[in-house]
Amino acid sequence: MPLETEIKAGTICNNNCVFCLNHERDNIKPLAQIKSEIMCAKNAGITTINFTGGEITIREDFFEIIDFANDNRLRTCIQTNGRIFNYEDFCDRILPKNVSLFLVSFHAHNEELNRKMTLVRRGYHQTKKGIVNLLHSKQNVQINVVVTQV
């Protein structure tokens, strides 16, 4: 049975969700600290790292983080709002990284409600296209449907 842990890479995000628990949305955990947490997890027998944010995919060192986990023979999962995967070139860069799972949070069933929830224009379409791009690339995708009252 694989052992999993979660590493939160900070609170920086490209959404501004009204329901978010992260009140400080500009905190970036240092890369050295993330690498240290990865090594501690590995030494404790962890086999899978679930990376969360904020939105980890918008970090400049995102691919370095994933590569470090891969180099240490750890499975990786990414919790994301999926917007960055709207860009096909970004999807192409993630494919060889062998990410085990993309857990995509989908905040509403239409553009209008999504805008009210995330305070982002076109975020609904970006997330939707990101999911399509990941599925088209034969990636393992799970949808996290956020249920809340507006």
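The values are calculated or read from the model by the stated rules, or taken from the named source; none is laboratory data. All figures in this text were calculated on a predicted structure; none of them were measured in a lab. Because the Cβ atoms are built from the backbone with ideal geometry, glycine has one as well, and the counts that use them run over all protein chains shown.
General remarks:
- Complete set of residues in the range 109-150 that are part of a loop (DSSP other than H, G, I, E, B), among the hydroxyl-bearing types (Ser, Thr, Tyr) and modelled with pLDDT of 90 or more: 137
- Residues of the range 95-108 classified as closer than 24 Å to residue 68 by Cβ, touching a Phe, Trp or Tyr at 6+ places or on another chain (Cβ under 8 Å) and either surrounded by fewer than 12 Cβ atoms within 10 Å (Cβ to Cβ) or at pLDDT below 95 (or both), total: 1
- As a summary of the residue check, residue 73 satisfies the conditions (1) surrounded by 13 or more Cβ atoms within 10 Å (Cβ to Cβ); (2) closer than 18 Å to residue 4 by Cβ except for the one numbered (1).
- Hey, residue 7 more than 19 Å from residue 130 (Cα to Cα), buried (at least 19 other Cβ atoms within 10 Å of the Cβ) and at pLDDT 95 or above or not: yes
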